[in-house]
1. Compute the distance from the alpha-carbon center of segment 1-51 to that of segment 81-146, in whole Å.
2. Could you state the orientation-averaged shadow area of the convex hull built on the Cα atoms of segment 23-70, in nm² to one decimal?
3. Quick check: the angle from helix 130-142's long axis to the longest principal axis of the chain, C-alpha only, nearest 10 degrees?
4. Name the residues of segment 108-142 whose amide N is less than 16 Å from a point 7 angstrom out from the Cα of residue 98 along the C-beta direction?
5. Residue 20 to residue 76: extension gain in nm, 0.36 nm per residue of separation minus the Cα-Cα distance?
6. Go ahead and estimate [θ] at 222 nm for the chain from helices alone: -39,500 (n - 2.57) per DSSP H run with n ≥ 4, summed, over the residue count, rounded to 500.
7. Run through the DSSP bridge list for segment 10-142 and note the antiparallel percent, rounded to the nearest 5.
């Protein structure tokens, strides 16, 4: 199924990888949102669980093994073109995650991957709702009931 102008929504995953006061972000190398900073992640493959998918995607994009925690949130992204047709439709499950190491090796899907101080995330050109999802993951890590 094509990512652009799909017949059905696509299921994707993202990882809010927290380490000390930093979060792992990638600069998207492809549409949608090319050039923007985002959570590492991607589409779920047939037969793959969302937990398996998020671990695979972080490894592919960042060269990083992670320990997957709980669900930080679910995001629906529906992007329409100028004519109002649905160009992209994703349902994204974002997980709190923790790195097994901190050494990054950006893969082919990401233009860049960096550990960013959480207090600096608002200064970056990010995908919509990214800072809110980071805050949700922090709350989940603390055990807050949000």
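Taken together, the values in this text are just the output of simple stated rules run on the coordinates, not laboratory data. Since the model is a prediction, treat every value here as computed from it, not as a measurement. Counting neighbours? That spans all protein chains shown, and the Cβs are built from the backbone with ideal geometry, glycine included.
1. One Cα centre to the other: 8 Å.
2. Details: hull surface 15.0 nm².
Projected over every direction and averaged, the Cα hull of segment 23-70 covers 3.7 nm².
3. 40 degrees
4. Within reach of a label on residue 98: 137-142.
5. Values: separation 56, 0.36 × 56 = 20.16 nm, distance 2.85 nm.
Taking residue 20 through residue 76 to full extension adds about 17.3 nm, to one decimal.
6. Numbers: 2 runs with 26 residues, N = 146.
Result for the chain, helices only: -5500 deg cm²/dmol.
7. On the way: 26 of 35 bridges.
If we restrict to bridges inside segment 10-142, about 75 percent are antiparallel.
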